[in-house]
Amino acid sequence: ETGVTQTPRHLVMGMTNKKSLKCEQHLGHNAMYWYKQSAKKPLELMFVYNFKEQTENNSVPSRFSPECPNSSHLFLHLHTLQPEDSALYLCASSQGRMSSYNEQFFGPGTRLTVL
Amino acid sequence: KNEVEQSPQNLTAQEGEFITINCSYSVGISALHWLQQHPGGGIVSLFMLSSGKKKHGRLIATINIQEKHSSLHITASHPRDSAVYICAVLRFSNQFYFGTGTSLTVIP
């Protein structure tokens, strides 16, 4: 247990569905991250939030919509996804913004399959 | 071409063997991370280093900033070490770049 939880752990959805991924951290951290991990590809950073403010959006399509209501919770709202969006979505948190001093703690991930 | 290259991509070892995983990168960095990902997905940070060498139990990580190279060593490998090991570099611009990982299987 890293102190970062994600729900659901597995999700299967159709291309017309709307669903949300949830991440919660119990570490008192200020920064939270969404990553996408596709098969045979490096981890891709999607979004960064620091003190609830979005500080990075790495050219992520608008069908992915993040929400950070407070420093402990992070959501990723999904709508009209494509089959190529099937991947493992990982949440992480750190005490401050990513730096050479702040270790990231990862959640277990949500395995998403888009049919 | 990925900014971070790892080798080998796949590695099978007998229990007890000494294992080395390599990471080369092509950009200037402020820090390098070694991560461990077990089947099922969860990732654990093993090391964060910007120079020299760090040791934790049977794991040793080294980095040579001039040569843009890092190695992760596992001494006396055990089947529970079977996982994917990911190298990630942090640029001074606070951008993270990840390698594709090295899949390690340790056979009893």
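Quick notes
- Within straight-line reach of B:Lys55, meaning a Cα separation under 26 Å, sit the following lysines at least 8 residues removed in sequence or on another chain: B:Lys68.
- Selection from B:Gly28, B:Phe96, B:Ala13 lying farthest towards where the dipole of the protein assembly as shown points positive, charges on Cβ: B:Phe96
- A cut-off under 13 angstrom between Cβ atoms defines the neighbours of B:Leu59, and their net charge, with Lys, Arg +1 and Asp, Glu -1, is +4.
- 5 angstrom amide H check on A:Ser20, placed H, neighbours 5+ away: A:Leu78
- Other residues with beta-carbon under 15 Å from the beta-carbon of A:Asn102 carry, at +1 per Lys or Arg and -1 per Asp or Glu, a net charge of 0.
- Neighbour-count order for A:Met13, B:Met48, A:Met32, fewest beta carbons within 10 angstrom listed first: A:Met13, B:Met48, A:Met32
- Fully extended contour minus Cα-Cα distance, from A:Met15 to A:Glu53, at 0.36 nm per residue: 10.8 nm
- Centre separation in Å (Cα based) which lies between segment A:14-33 and segment B:1-37: 29 Å
- Toward the positive end of the charge dipole of segment A:1-112, with +1 on the Cβ of Lys and Arg and -1 on the Cβ of Asp and Glu, the farthest Cα among A:His29, A:Thr80, A:Ser62 is that of A:Thr80.
- Rounded to whole Hz, the Karplus (6.51, -1.76, 1.60) HN-Hα couplings of segment A:74-83, x for glycine and proline: 9, 10, 10, 8, 10, 8, 6, 6, 10, x
- Taking a straight Cα-Cα cut-off under 16 Å and skipping sequence neighbours fewer than 8 places away in the same chain, the lysines within cross-link reach of A:Lys41 are B:Lys1.
- Spacing of the modelled spin labels on B:Ser7 and B:Phe92, each 7 Å from Cα toward Cβ, amounts to 2.8 nm.
- Residues whose amide H lies under 5 Å from that of B:Ala13, counting only those 5 or more places away or on a different chain, are B:Thr105, B:Val106, B:Ile107; hydrogens are built 1.01 Å from N in the peptide plane.
- For segment B:5-14, putting each phi into the Karplus relation 6.51 cos²θ - 1.76 cosθ + 1.60 with θ = phi - 60° gives couplings of 10, 10, 8, x, 6, 9, 8, 10, 9, 7 Hz, in residue order, rounded to whole numbers and with x for Gly and Pro.
- Taking chymotrypsin sites (Phe, Trp or Tyr not before Pro) across segment A:28-94, the ones in a DSSP loop with at most 13 further Cβ atoms lying within 10 angstrom of their Cβ are A:Phe51.
- Karplus-derived 3J(HN,Hα), 6.51/-1.76/1.60, for each residue of segment A:4-10, Hz, glycine and proline x: 10, 10, 9, 9, x, 7, 9
- Taking other residues whose beta carbon is less than 13 angstrom from the beta carbon of A:Val48, and scoring Lys, Arg as +1 and Asp, Glu as -1, yields -1.
Bear in mind that the values in this text are calculations on the coordinates, not laboratory data. Just so it is clear, the structure is predicted and the values come from calculations on it, not from any experiment. So basically every Cβ, Gly included, is an ideal-geometry build from the backbone, and we count neighbours across all protein chains shown.
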